[in-house]
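For reference, the structure is listed below as structure tokens.
The values are calculated or read from the model by the stated rules, or taken from the named source; none is laboratory data. Computed from a predicted model, the values in this text were never measured in an experiment. Glycine gets a Cβ as well: all are built from the backbone with ideal geometry, and neighbour counts include every protein chain shown. Surface areas here come from the heavy atoms of the whole protein model, side chains and all, with no ligands, DNA or RNA. Shrake-Rupley method; radii C 1.70, N 1.55, O 1.52, S 1.80 Å.
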Amino acid sequence: MPRGKAAGVLGGASVAALMLTGCSGPGDSSDGTTTIVVQQQANWTSMMEVLVPAFEEAHPDISVELSTIDQDTRSSTNTQIIAGNNPPDIALVSGNSPVYLETVENDQLLDVSDVWAAADLDERYDAETAEALQYGETPYLVGIAGINYDIVYYNQQIFDELGLEAPADHRLDSDEELFELVDAVRAAGYDPLAVGGADPFQWAWQVSQVLQSYATPDEIANYLTSWNADVEPTVAYTDPPFVDTVQRIQDWADAGLYQDGYLGQDYDAAQGLFFQGQAAMLLGGNFTAGAINDAGAGFDYGWFLLPSGSEERPSQLMTYLGEAMAIPAGAENPDEAKLFLEFWMSNDMQADAVANSGFALPSVNSLDIDDLPGVTGVVSELVEDAGENGAPIGWGSATPGAFAQQPLGTDIAAMLSGQMTVDEVAQAQQARLDETRAE
């Protein structure tokens with residue numbers, strides 16, 4: 001799962017007074033105001049400081065109470081909170097988490113088709129994103145923010161020192177072009193591309209982007225949804241698109257793309273190598289730009305994408321829509337909750353609250369960079385690129401984490417250490433698909 005940078009200390013008395021660590025009893029107050037409880041994470045502070053007051057001003061008969069949950073709760077015990085006697089009105093439910101599968105299959109989430117219709121999300125989400133956010137043909141989730149990932153950041157100072165040029169269109173034409181960069185920085189004593197090889201999500205990032213270029217649109221659509229027993233598999237994980245994707249990562253490793261000792265280093269260690277000028281490149285996300293600035297790295301930087309697997313399908317930015325919200329079936333105020341989600345998805349709030357959050361970007365395609373004055377520098381380039389070339393939801397972001405990201409990332413690390421072959425990785429993933437569909 002992509003990581004965002006933590007936001008600053010909560011300010012604003014209105015929002016600060018609402019911060020909780022669990023759910024409390026919402027409902028009608030003595031003055032006729034209805035209070036809805038909305039889950040959030042700690043790094044959503046700057047987003048909620050804009051969103052909540054704006055919503056309460058637009059809907060003076062509704063107040064918002066924020067319930068902060070941590071990452072562990074979000075991906076595990078939130079199932080019990082949602083299914084309990086006192087659920088929040090809006091719950092944070094990642095589409096690739098076990099929480100989503102369990103709650104939707106047990107009819108513990110409400111159909112939010114009316115929210116999608118009111119916010120025109122079928123049109124304002126990319127087609128693949130819209131399909132991935134639905135279970136069968138029913139939307140139970142609203143993806144409120146997007147995170148772009150699998151972006152190669154490079155140290156401009158090192159590139160200038162070595163006379164290297166990054167591609168003007170942010171896309172390398174071939175592996176040969178990539179390996180020329182790798183060989184040059186290694187010869188000069190720098191680490192090449194720093195990755196958190198000990199973190200499975202870093203391998204799932206790369207699989208997502210490369211698979212997007214090897215598979216046809218129909219194959220990608222099926223890979224994104226075939227874990228659902230209601231969707232008939234039309235392409236297997238032992239078929240060429242997936243096998244070639246895994247082989248590509250093995251080829252990159254064999255060519256020395258990653259830093260020495262990468263399998264024993266996590267993402268924080270990889271960032272440290274880049275921030276300190278030891279690595280010429282770093283695999284990150286849109287949030288990495290803020291992290292570089294916060295670290296006081298002291299050098300200019302740019303970005304590009306790893307090479308595509310097909311000339312017909314150039315590399316694209318990948319989008320993670322784990323920041324998704326759902327309405328529990330037992331919510332006390334579902335109508336008011338739907339109003340809040342519709343408001344959140346408006347262009348104004350996507351621009352003013354989400355885009356200025358410090359960790360995420362709008363999840364909709366109805367805004368361009370001129371609508372986002374707070375988004376500058378490299379991040380503005382990412383927004384423009386997504387608008388021009390698309391930024392579909394990534395395979396590892398749309399499929400259940402217990403089926404895809406975590407086990408596949410572990411298998412790829414095993415492959416790169418010589419414990420598994422490419423074919424064994426593909427066969428293991430196919431076996432997980434068969435098992436998931438049979439449950």
(1) assigned to a helix (DSSP H, G or I); (2) surrounded by fewer than 17 Cβ atoms within 10 Å (Cβ to Cβ): which one isn't true of Met48, the others all being true?
(2)
Count - residues of region 165-177 that are over 20 Å from Leu382 (Cβ atoms) and open to solvent by less than 30 Å² (accessible area, probe 1.4 Å):
1
Of all residues in region 80-110, how many are open to solvent by 10 Å² or more (accessible area, probe 1.4 Å), in a helix (DSSP H, G or I), farther than 21 Å from Asp335 by Cα and without any contact (Cβ under 8 Å) to a residue 60 or more places away in the chain?
3
Filter result (open to solvent by 10 Å² or more (accessible area, probe 1.4 Å), outside any loop (DSSP other than H, G, I, E, B), at pLDDT below 95 and within 22 Å of Val185 (Cα to Cα)) within region 263-315
none
Okay, helices (runs of 4 or more DSSP H) sitting entirely in region 350-417 with 1 or more residues that are under 28 Å from Leu263 (Cα atoms), modelled with pLDDT of 90 or more and open to solvent by 10 Å² or more (accessible area, probe 1.4 Å), I get 405-416
Within region 336-346, does at least one residue satisfy the condition of being out of contact with any strand residue (DSSP E or B) (no Cβ under 9 Å at 6 or more places or on another chain), open to solvent by 20 Å² or more (accessible area, probe 1.4 Å) and modelled with pLDDT under 95?
no
Testing Asp230 on (1) modelled with pLDDT under 95; (2) open to solvent by 50 Å² or more (accessible area, probe 1.4 Å); (3) not in a loop (DSSP other than H, G, I, E, B), one condition comes back false. Which one is that?
(3)
Output the residues belonging to region 180-194 that are over 26 Å from the mean Cα position of the chain (by Cα) and surrounded by 18 or more Cβ atoms within 10 Å (Cβ to Cβ).
Leu181, Val182, Val185, Tyr190, Asp191
Kindly establish whether Phe242 is farther than 27 Å from Asp183 by Cα, open to solvent by less than 20 Å² (accessible area, probe 1.4 Å) and modelled with pLDDT of 95 or more.
yes
Quick one: what pairs do we get from region 46-71, first residue among the polar types (S, T, N, Q), second in a strand (DSSP E or B) and surrounded by fewer than 22 Cβ atoms within 10 Å (Cβ to Cβ), C-beta under 6 Å, 6+ apart or different chains?
Ser63/Thr35; Ser67/Leu20
Confirm whether Ile147 is buried (at least 18 other Cβ atoms within 10 Å of the Cβ), at pLDDT below 95 and aliphatic (A, V, I, L, M).
yes
Matching residues in region 316-349 - criterion: being in a loop (DSSP other than H, G, I, E, B) and either without any contact (Cβ under 8 Å) to a residue 60 or more places away in the chain or within 20 Å of Ala130 (Cα to Cα) (or both)
Gln316, Leu317, Leu321, Gly322, Glu323, Ile327, Met345, Ser346
Is it the case, given these coordinates, that Gln427 is in contact (Cβ under 8 Å) with a residue 40 or more places away in the chain and either among the aromatic types (Phe, Trp, Tyr) or in contact with a Ser or Thr (Cβ under 9 Å, 6 or more places away or on another chain) (or both)?
yes
Region 245-262: number of residues that are open to solvent by 30 Å² or more (accessible area, probe 1.4 Å), closer than 29 Å to Tyr223 by Cβ and either part of a loop (DSSP other than H, G, I, E, B) or of a type in the set (A, V, I, L, M, F, W, C) (or both)
1
When residues of region 351-400 are filtered for being within 30 Å of Pro233 (Cβ to Cβ) and of a type in the set (Gly, Ala, Ser), how many remain?
8
Within the bounds of region 402-420, is there any residue that is of a type in the set (Gly, Ala, Ser) and under 17 Å from Tyr100 (Cα atoms)?
yes
If you scan region 183-214, which residues turn out to be closer than 18 Å to Thr288 by Cα, in contact with a Phe, Trp or Tyr (Cβ under 6 Å, 6 or more places away or on another chain) and not in a loop (DSSP other than H, G, I, E, B)?
Leu193, Ala194, Trp205
Is region 330-339 home to any residue that is in contact with a helix residue (DSSP H, G or I) (Cβ under 7 Å, 6 or more places away or on another chain) and among the acidic types (Asp, Glu)?
no
